[in-house]
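Engineer: Here it is, the structure in full.
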Amino acid sequence: MRDIANFLFEVGMLKKTPRTGFRFLGSGCESVAEHVLRTIFIGYTLSKLEADVDELKVLKICLVHDLPEARTGDMNYMYKKYVTVNEEKAVRELTETLFFGDEVKAAIHEFNEKKTKESLIAHDADQLSLILQLKEYGDLGNKYTKDWIEFARKRLCTDTAKKLADSIIATDSSQWWFKDKSNWWINGGSDNIT
């Protein structure tokens, strides 16, 4: 159980590990754990939109795809130009004491290889998570997000993800909660006005 406890403490590091690309964008912040959570929900959604997909495999890949970053930190595209991370060593060391370590290692490897339909969907979920975050910052005025979104969109693999990206880009990020412009916003939901 000690190895399991250590693993779960390590997973907790993802809450404290910042996604470093936002430094270059000039606004925004997100932890790796926040990114992973949204990626899981996107992977789940894409699995519902695609035929003949192992949904559980997509979810597992989305869940662990950035787990090595608890040890390596987040390597944005600029950092990757200059720094080489030994992700293989990080994965080996974080999984070697776990009885389910081979399963985690296989899911991370499958994500990195991008050869199966499930890994392509997980990869798309990862990029769509970024696109959603960028769209939110763009809607709040960051003028650089449009270029970043275009690069992320070009990394998408499936037609479904590309269609979803187009919808994300065309949708105001506040619409889900602010589309009802009724008197509720004046009265605060109270039917009794005195």
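Quick note: the coordinates plus some simple rules give every number you see, no bench work behind them. Note that the structure is a prediction, hence the values are computed from the model and not measured. A quick note on method: Cβ atoms are made from the backbone with ideal geometry, for glycine too, and the neighbour counts reach across all protein chains shown.
Engineer: In segment 48-103, what count of residues is obtained for those that are in contact with a Ser or Thr (Cβ under 8 Å, 6 or more places away or on another chain), under 19 Å from residue 18 (Cα atoms) and in a helix (DSSP H, G or I)?
Structural biologist: Residues in segment 48-103 being in contact with a Ser or Thr (Cβ under 8 Å, 6 or more places away or on another chain), under 19 Å from residue 18 (Cα atoms) and in a helix (DSSP H, G or I): 6 in total.
Yes/no matrix, rows are residues, columns are (1) surrounded by fewer than 15 Cβ atoms within 10 Å (Cβ to Cβ); (2) among the β-branched types (Val, Ile, Thr):
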residue: 4; (1), (2): yes, yes
residue: 15; (1), (2): yes, no
residue: 20; (1), (2): no, yes
residue: 24; (1), (2): yes, no
residue: 27; (1), (2): yes, no
residue: 52; (1), (2): yes, no
residue: 56; (1), (2): yes, no
residue: 66; (1), (2): no, no
residue: 72; (1), (2): no, yes
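Engineer: Checking residue 27 against (1) assigned to a loop (DSSP other than H, G, I, E, B); (2) among the small types (Gly, Ala, Ser); (3) under 26 Å from residue 121 (Cβ atoms), only one condition comes out false. Which one?
Structural biologist: Tallying (1) assigned to a loop (DSSP other than H, G, I, E, B); (2) among the small types (Gly, Ala, Ser); (3) under 26 Å from residue 121 (Cβ atoms), residue 27 fails exactly one: (3).
Engineer: Still on this structure: For segment 162-175, what are the residues that are of a type in the set (A, V, I, L, M, F, W, C) and closer than 14 Å to residue 45 by Cβ?
Structural biologist: Restricting attention to segment 162-175, the residues satisfying the condition of being of a type in the set (A, V, I, L, M, F, W, C) are 164-165, 168-170.
Within segment 162-175, 164, 165, 168 meet the criteria.
Engineer: Here's something else I'd like to know. Can you tell me which condition residue 163 does not meet? The list is (1) in contact with a helix residue (DSSP H, G or I) (Cβ under 7 Å, 6 or more places away or on another chain); (2) over 22 Å from residue 12 (Cα atoms); (3) part of a helix (DSSP H, G or I), and all the others hold.
Structural biologist: Here residue 163 clears every test but (1).
Engineer: Any residue in segment 1-24 that is of a type in the set (Asp, Glu) sitting within a Cβ distance under 7 Å of a residue that is surrounded by fewer than 16 Cβ atoms within 10 Å (Cβ to Cβ)? List the pairs, counting only those 6 or more apart or interchain.
Structural biologist: Partner pairs satisfying both residue conditions: 3/97; 3/98.
Engineer: Restricting attention to segment 139-158, does a residue exist that is touching a residue at least 40 places away in the same chain (Cβ under 8 Å), surrounded by 20 or more Cβ atoms within 10 Å (Cβ to Cβ) and under 19 Å from the mean Cα position of the chain (by Cα)?
Structural biologist: yes
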